[in-house]
Structure formats: structure tokens, C-alpha cells
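The values are calculated or read from the model by the stated rules, or taken from the named source; none is laboratory data. Quick caveat: nothing in here was measured; it's all calculated off a predicted structure. Quick reminder, even Gly has a Cβ in these numbers, built from the backbone with ideal geometry, and neighbours come from all protein chains shown. These accessible areas exclude ligands, DNA and RNA; they are computed on the full protein's heavy atoms, side chains included. Shrake-Rupley method; radii C 1.70, N 1.55, O 1.52, S 1.80 Å.
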Amino acid sequence: MAESAAEAPAESGSSGDSGACLVERGVAPIKPRYLTTKEKFHEFLESGGQEKPSGETEAGNAYGSDLTEPEAKRIRLEDRQPGEGPKEEEAEPDEQPEVQKRARGQNKLRSHMKPTHYDKNRLCPSLVQESAAKCFFGDDCRFLHDVSCYLKTKPADLGPRCVLFETYGRCPYGVTCRFAGAHLGPEGQNLVQETAVQAPPVRNVLDKALQQQLRKRKIHFERAEQALCQLGKGHLSGPTPSATAPKVPGTASAQQQDNSDTKQAPLGPGPGTPPSSPVQTCGPLTDEDIVRLRSCEKKRLDISGKLYLAPLTTCGNLPFRRICKHYGADVTCGEMAVCTNLLQGKMSEWALLKRHQCEDIFGVQLEGPFPDTMTKCAELLNRTIEVDFVDVNVGCPIDLVYKKGGGCALMNRSAKLQQIVRGMNQVLDVPLTVKIRTGIQERVNLAHQLLPDLRDWGAAMVTLHGRSREQRYTRLADWQYIKQCVAAASPMPLFGNGDILSYEDANRAMQTGVAGIMIGRGALLKPWLFTEIKEQRHWDISSSERLDILQDFTHYGLEHWGSDTQGVEKTRRFLLEWLSFLCRYVPVGLLERLPQKINERPPYYLGRDYLETLMASQKAADWIRISEMLLGPVPPNFVFLPKHKANAYK
């Protein structure tokens, strides 16, 4: 039971007896006939499903014997670079050989720069988009303009079928598509099907004209400045009296000049577009266009009892959210976006705000340590994107955010947090929610003190993660404390978050009185968890069904990131990041007892077929093999190291 498991921390080195099965403590109890050793496990995978006697494994095989360090680190330790000192065999006889230190951590060899190999022999975008106009840069363009020369250096296609061409009847990537053989004519022209279906537009795309204005700092945030002025004077309550929206300086002729850029990346008004949107609209003038909405007239966020997919950094991308929506997620939220990057018009940050048409209840999460930038960013998003709520991140534990005063640090900076919540609430026409943790330190809970204040400051809902910043994942979520916080937050709805991996866990969580539950790591381990909760059953999903889920993810990824070389490799990277979580799932049919606990790491076991065993491997080389089944062979310069720690159970 979860209660008994919560009595002791789930540490990777702990061991103990569990009944007659002698199951190690903190390890998932698997039926004995499926258990195996590490050596036999990797021998089975290397042999392609046919067990080999121990000792036949080749030492040089990347998929063979398990190494104490990843392959890239082993090369680094054995073959030192010039200038790093002599090797042991090259050392002088009188000198003591230098003791080599073990390279620790998962990100020692991760490249932090944008890959440049995509730009080599790259076709000019004017030719890819089949534009009638010539290239703007002319002879100074650094891209190729000879299609025949590009096709000679282009790598072979990854498959005979193009997802974009089969779905929409036209592939916008033309000859650069890695599946171009499916839609190229005999002379290299891009074919179009007669019954072509227009691709549904992805909402919340950054307009080129808006990006230029943000970079030049030409946007004035009058409502935000007025709200900040009131906060500075101590007038912390009441709606903003003026409905004046941020104005962009410029004449009407200047606006007409920007129409060409607007047509390339339209931001058309949707059904939920706020009235202060900069997009020109037609129709009669109503009071809603002039009078600012009061707080009591705001749109209400009624999601009680719904399943909320947590904003997951790196893995919570749009293709993954589409998978979770397919399996029953009710509410989705974009990845954490840094407000200063949004105000600077960075494309990579604005990409986190994109919304698919299947996301009927969608919000974005903002992070920032200062009231001025957070309030201005809230006003900007209120004008330019279509969301149902905006969430404030007060729970991020990473040092990069915490040391700058954001994330969890705001729990100790109540004055700043108050100004952030009140300021954002005054400039938003949609509800404002907050996500917090139990506190900073392990035994010092702060959430019960903050919840009444957040309710009075105007938060429509709060999500509480049942762990402190110091705990990370070293302890189970404290749902008893979440139960106490429900009363402190009343009548404001409180969502609970932490350690939900089965419908039994969800039922116990709902018994604490929370308005709903947020699911994070549980969705990464098994995205069909939402279906299990709604149908109140354990789904013994087969390996082929799980592979179909991964296939859908790759299709969604190619639609989202593109089917050219850069889009394919970006899809592969995010697929591998997700596989580093999926490998921790233990199939229902293999478990000695149900359900699997999120703090129980899987032991080495042989599944019911080869694919099920391959999906249980925790080696990055095996994850790459799975990606090759879906996206073709990896390029020779591809390197993958997971961003998160290899063992998240500690």
C-alpha cells in the first residue's frame, strides 16, 4: 500500500525482505519466472531475442556488456586529449602516474551550443517554400540555390512514406523532406494531391511583426505600468480602472507595411481571443471593448474533478500533450516559459506557448522573480495568445531558477510574490493559477501559510506538489499535509500533485478533499494512466501497443518540428528523452502484486517478448535502437545524453 511505502524513503541502495518473495525494498516485485541478471539481460538484447551463453558477448559492441560509465565517458577516461597530461604508460619512470578522476554526472559531454551541421549544404528557404520572389540576400546568401547540387549531397530517405503528405496531401518541406521520395515528381517537383486537406493551424504562434517590436522595445505596457504604480503606492486591491491596452507606437501607414509579415504568420482572432487583442476586428463596438472586466466578471476556471497534465519541462512538448489528450487528459499546460525571454521575442521560448486544436482546456506557465517583468509578460500574453488560464511557477527547484529568486524562492519572498500575483491578476482577462511546493526545507512547511494569502490576492486555483525543494524525489509526496492544506485554502480549489501512477493512487488522493489531481511523472511512465483512472482498471498494455504510441508521437513530432533533417533529429531527441522515463514502466502481467509504485525501480527482467524486454532497458544505446525502428538510422554525428539524472528514484 502507498501508506506503508511512505514510511521509509525509497533509496536505491536499501534492501529488505518483503514476505516470502524476498523482494528488495524499493524494487518493483516481479514474478520470479521473469527475473534475470544484468549480464543475461544484455546478452538477450544483444542476441536479438536468442539467449547466448555468458562469455560470448563481444567487449567492443556498444549494445553488449554493461559499462560502469556511458560509452562517451569511457572514451574520455581512456583516451585523454592532448594537453591533459601524460597517460600512465607514457609517464616517466621516476614520476608517479597521475590518478584519473571518475567523470561524474550525466551532462559532462553535452553540447550546449546549437548544432551547426544542419546549415551545411542547406537549401535556401526561398526555394523550399517555392516562393515566386527571388532570394532577398541574392549572391550574399549563405544557402544553396542549386537544387540538383543539393540532391547530390542530401542523405538517403528514411522511409517511403511521408506523414505530412499522407495526412494533408502536401509536404511543405519539399525536396528537403527526409521522406521526399513519397511526394517528388520525376523532375524533382513537389506533388500535391487533389483532395488535399489543409493542416489545422497551431495557435499562439509568434507574429514576425510582434517579434520585431519586442526586440526593438517599442511596445508600451500601460496597464502593467499602472498596476505596478498602484502596487508601489500600497493600493493592492481593486481592478485596474483603465482598460487601455499596451500601444505600439507607429502610424497607420506603418501598420500597413507590417501586413505582409502578418500574413506569413497570422494571429487571427479565435473564439477565446481577448477583446484587447492587437488584431484588427470588424463589428459593432460593445461595452466589453471599452470597460475593463472586474475580477468578479472574469472567466471562471471550473476544472474540479478533471485530470490535469502537469507542465513538464523538456518532455511536456506539444506532441506529448497530444498523446495524453488522446488517452484522457482533461487539462493541459505548456512547459515553463521564462518571462524575460518572452519579452525579448525569443522564438524558442514562444514555441512553448503553442497550442494544438485538441487542447480544449489549455494554460501556460510563467516563471520570473520580479513583479514588473511578470506583469508585463502577463499583459503581453493576454493580448496576443489564446489560453484558458495562466499559471505562476512557484515550485521550480532547480538552482538556475532558485538562485535568481524565482520558482521556489518566491515562497520565502512573500512581498514579491504578492506583487506578482496581484499585478498579473489585474492585467489578465483569464484566471490566474499558482503552482507551489510544501516549502523550501524538508521539515519546514510553508504552503498552509501561503494558501490563504494567495486566495486573497486573487488566485483562482493553486496546485500543491507534496514535496519540498530539498526533498526533490528522495521522499514520497506528503498527501496528509495536502489534506491539511485543503482546509486552509477553502473555498479556493486546491489540486494535489505527487506520486500518482495508478487509479488506486488517484482514488486515495481524491479522498483527501482536493478539487482534482495533477499528474506529472506518472504520465511520462505511462501516458495511458488517464484512461486507467477514468475506467478504474489496470491496463496490461502490450509492447506492440506501446510501440504504436511511440509511432504516433513521431508522427506528431514530424508535424510539429518538421520532416527535414533538423525536424527529424529534434523529434528523435525528444523521443529519447521520453524513452528514458518509459523504460521504468513494468508491465502489469509481470508484477507479483498490483499496482506498481512510482518509487519502485524495476529490476532486470525478461519480458514476454523481445520488444517488451528492449523497452525495459535503461541504456541510451537501446533507446536509440528503438528510435531507429521509428525514424530510421541515426546520423554519425548524433550524440544523446539524457538531461535528467539517470536514477530519479533517489
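Things to note:
- Per-region count, segment 362-389, residues closer than 25 Å to residue 322 by Cα and more than 17 Å from the chain's Cα centre (by Cα): 8
- Residue check for residue 448: crowded, with 20+ Cβ neighbours inside 10 Å and either at pLDDT 90 or above or basic (Lys, Arg) (or both): no
- Qualifying residue in segment 193-202 (condition: modelled with pLDDT of 85 or more and either open to solvent by 40 Å² or more (accessible area, probe 1.4 Å) or in contact with a helix residue (DSSP H, G or I) (Cβ under 7 Å, 6 or more places away or on another chain) (or both)): yes
- Subset of segment 592-618 (residues that are open to solvent by 30 Å² or more (accessible area, probe 1.4 Å), in contact with a helix residue (DSSP H, G or I) (Cβ under 8 Å, 6 or more places away or on another chain), within 30 Å of residue 477 (Cα to Cα) and charged (D, E, K, R)): 592
- Residue match in segment 140-155 (condition: over 20 Å from residue 121 (Cα atoms) and either open to solvent by 50 Å² or more (accessible area, probe 1.4 Å) or assigned to a loop (DSSP other than H, G, I, E, B) (or both)): no
- Those residues of segment 538-555 which are over 11 Å from residue 587 (Cβ atoms) and of a type outside the set (D, E, K, R), in sequence order: 544, 547, 549, 550, 551, 553, 554, 555
- Taken over segment 359-370, the criterion of being open to solvent by less than 10 Å² (accessible area, probe 1.4 Å) and either in contact with a helix residue (DSSP H, G or I) (Cβ under 7 Å, 6 or more places away or on another chain) or of a type in the set (S, T, N, Q) (or both) is satisfied by 359, 364, 365, 366, 368.
- Residue in segment 626-639 that is touching a Phe, Trp or Tyr at 6+ places or on another chain (Cβ under 8 Å), at pLDDT below 95, part of a loop (DSSP other than H, G, I, E, B) and aromatic (Phe, Trp, Tyr) present: no
- Scan segment 529-571 for residues that are within 17 Å of the chain's Cα centre (by Cα) and among the aromatic types (Phe, Trp, Tyr) and the total you get is 3.
- Pairs meeting the criteria (first residue in segment 535-556 and in contact (Cβ under 8 Å) with a residue 24 or more places away in the chain, second residue loosely packed, with under 15 Cβ neighbours inside 10 Å and of a type in the set (D, E, K, R), beta carbons under 7 Å, at least 6 apart or on different chains) are 543/609.
- Hits in segment 574-626 - residues which are among the basic types (Lys, Arg) and under 24 Å from the mean Cα position of the chain (by Cα): 584, 597, 601, 619, 625
- Scanning segment 420-460 for residues that are touching a Lys or Arg at 6+ places or on another chain (Cβ under 9 Å), of a type outside the set (A, V, I, L, M), assigned to a loop (DSSP other than H, G, I, E, B) and closer than 20 Å to residue 407 by Cβ returns 438, 439, 441, 442.
- The sole residue among 390, 430 that is under 28 Å from residue 472 (Cα atoms) and open to solvent by less than 40 Å² (accessible area, probe 1.4 Å) is 390.
- You will find that of 404, 346, 354, 325, the residue that is more than 25 Å from residue 557 (Cβ to Cβ) and of a type in the set (Lys, Arg) is 404 and no other.
- Qualifying residue in segment 340-358 (condition: at pLDDT 95 or above, in a loop (DSSP other than H, G, I, E, B) and surrounded by 23 or more Cβ atoms within 10 Å (Cβ to Cβ)): no
- Candidates 202, 197, filtered to the one that is among the aliphatic types (A, V, I, L, M) and in contact (Cβ under 8 Å) with a residue 60 or more places away in the chain: 202
- Scan of segment 179-234 for residues that are under 30 Å from residue 159 (Cα atoms) and of a type in the set (Asp, Glu), ordered by number: 187, 194
- Matching residues in segment 158-190 - criterion: being open to solvent by 70 Å² or more (accessible area, probe 1.4 Å) and assigned to a loop (DSSP other than H, G, I, E, B): 160, 161, 170, 186, 187, 189
- The single condition from (1) more than 22 Å from residue 637 (Cα to Cα); (2) hydroxyl-bearing (Ser, Thr, Tyr); (3) touching a residue at least 60 places away in the same chain (Cβ under 8 Å) that residue 168 fails is (3).
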